[in-house]
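Please read the structure below before turning to the comments.
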Amino acid sequence: MSQLLKYKYYDTPEGQDIFLKTVALGKYAALAGVAAASLDVLMYSHPKGLASTAGRFAWYIGPLVGMAAGYAVTHNCVQNFRGKNDKINYFLGGAVAGSILSAWQKAPVFAVPAMVILGVAGIIKKTAVDENWEFFPDVPHATKIITSVGNDWTMVKDIEELKNWTK
């Protein structure tokens, strides 16, 4: 169980550990779904009762996790089927996610643009992985925080001979 929670998508090569990769993407999709559903419940829909609130959460979380699972399974299965690790695999995964998005929104006219947009997003992700792009760099931590009051932040240490103002 702990391996499911600690696993990152690129811990193993493409096409391997498809279930773990699906769970890894599903975690992020579920988190995004909880955030979107919380915003909807608190700001817009205001459902009355536990069942309708759970329904609103399921309406967001379910399709988002389905899109993530569709992306991961399609991308990795196409990788195994074709035997190539290229941008077409990522495009096809994004196209599947786009088709799930259009079905979720009940807008068939939205299907092709969503498939193309999410497919191109998959290509951008593949390029980013291949060229080591960093979308979210680490934020440098502050040097002077509340727990660092005991540290000496002076540029130079005090020289006792020069402290003549107290004599």
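Read-outs: derived from the displayed coordinates by stated rules, not from any lab. Only a predicted model underlies this, so the values are computations on that prediction, with no experimental measurement involved. Cβ: placed from backbone, ideal geometry, glycine included. Neighbour counts: every protein chain shown.
A few notes on this one:
- Residue match in the stretch 37-56 (condition: part of a helix (DSSP H, G or I) and either in contact with a strand residue (DSSP E or B) (Cβ under 9 Å, 6 or more places away or on another chain) or within 26 Å of residue 128 (Cα to Cα) (or both)): no
- Residue satisfying condition, being more than 19 Å from residue 24 (Cβ to Cβ) and over 22 Å from the mean Cα position of the chain (by Cα), within set 83, 98: 83
- Condition met for residue 85 (polar (S, T, N, Q), under 28 Å from residue 112 (Cα atoms) and not in a helix (DSSP H, G or I)): yes
- Residues within the stretch 119-142 that are surrounded by 10 or more Cβ atoms within 10 Å (Cβ to Cβ) and without any contact (Cβ under 8 Å) to a residue 24 or more places away in the chain, tallied: 4
- Filter result for residue 72 (touching a helix residue (DSSP H, G or I) at 6+ places or on another chain (Cβ under 7 Å), under 16 Å from residue 126 (Cβ atoms) and among the small types (Gly, Ala, Ser)): yes
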